[in-house]
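Please treat every number below as a calculation from the coordinates, not as lab data. Computed from a predicted model, the values in this text were never measured in an experiment. Here the Cβ is made from the backbone with ideal geometry for all residues, glycine too, and neighbour counts use every protein chain on show.
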Amino acid sequence: MNIPDNCRYTKDHEWIRIEGNIAYIGITDFAQGELGELVYIEVETVGETLKEGDVFGTVEAVKTTSDLYMPLTGKVIEFNAALDDKKSGDPAIINSDPYGEGWIIKAELEDISKVADLLDAAAYQKHIS
């Protein structure tokens with residue numbers, strides 16, 4: 001199970017990685033494994049400011065559909081076009097590279113210091129064990 005130390009995690013299985021003033025957000029390796037092959041991702045919140053815990057999109061797998069939750073309050077600024085099957089993207093990138101090319105959105109956070117309130121890699125590992 002891949003749980004990078006450079007990310008923080010939610011109990012709902014989203015990860016967040018801060019680069020400068022931008023947050024990359026996706027679902028964890030554990031989550032994609034539980035969902036199975038992803039076939040569709042919907043994000044209709046680009047341009048919106050969402051609060052921590054708000055739904056920013058959905059992922060659809062062969063087995064089920066799941067909501068995606070904002071780990072922290074911020075403005076959604078981009079949906080990863082590489083995942084958008086409407087634009088010749090492939091949602092299954094998340095299955096092979098959930099923390100790299102499989103990021104789902106970029107966001108500008110209201111308060112980057114709040115990332116410290118999320119689970120670190122060791123705490124997330126304990127959460128899923």
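Using the crude model of +1 on Lys and Arg Cβ and -1 on Asp and Glu Cβ, and no other charge, please compute the dipole size for region 8-110 relative to its Cα centre, in debye to 20.
Details: 9 positive and 21 negative charges, 32 e Å.
Result for region 8-110 is approximately 160 debye, rounded to the nearest 20.
About its Cα centre, what dipole magnitude does region 41-80 give when the only charges are +1 on Lys and Arg Cβ and -1 on Asp and Glu Cβ, stated in debye to the nearest 20?
Details: 3 positive and 8 negative charges, 20 e Å.
Value, rounded to 20: 100 debye.
Put +1 on the Cβ of each Lys and Arg and -1 on the Cβ of each Asp and Glu in region 8-110; which of SER88, GLY74, PHE56 then has its Cα farthest toward the positive end of the dipole?
GLY74
Return the subset of LYS63/LYS86; LYS11/LYS51; LYS11/LYS87; LYS63/LYS114; LYS11/LYS63; LYS86/LYS114 for which the Cα-Cα distance in this structure is over 23 Å, preserving the input order. Mind dumping the intermediate values first?
On the way: LYS63/LYS86 21 Å; LYS11/LYS51 16 Å; LYS11/LYS87 31 Å; LYS63/LYS114 33 Å; LYS11/LYS63 21 Å; LYS86/LYS114 34 Å.
In this structure, LYS11/LYS87; LYS63/LYS114; LYS86/LYS114 exceed 23 Å between Cα atoms.
Sort VAL62, VAL46 so the one with the fewest other Cβ atoms within 10 Å of its own Cβ comes first.
Details: VAL62 9, VAL46 15.
Ranked by crowding around the Cβ, least crowded first: VAL62, VAL46.
Among THR28, THR65, THR73, which comes first, then next, by fewest other beta-carbon atoms within 10 Å?
Working: THR28 24, THR65 12, THR73 16.
Sorted ascending by nearby Cβ count, the order is THR65, THR73, THR28.
Could you tell me which of rounded, prolate or oblate describes the chain, using a ≥ b ≥ c as the square roots of the eigenvalues of the alpha-carbon gyration tensor, with rounded for a/c under 1.5 and, failing that, prolate when a/b is larger than b/c and oblate otherwise? Numbers along the way, then the final one.
On the way: a/c = 1.66, a/b = 1.11, b/c = 1.49.
Verdict is oblate for the chain.
Filter the GluC sites (Glu not before Pro) in region 78-125 to those in DSSP coil with at most 12 other Cβ atoms within 10 Å of their Cβ, and list the result. Each step should come with its number before you reach the end.
On the way: sites: GLU78, GLU101, GLU108, GLU110; in loops: GLU101, GLU110.
Here no loop site has a sparse enough neighbourhood.
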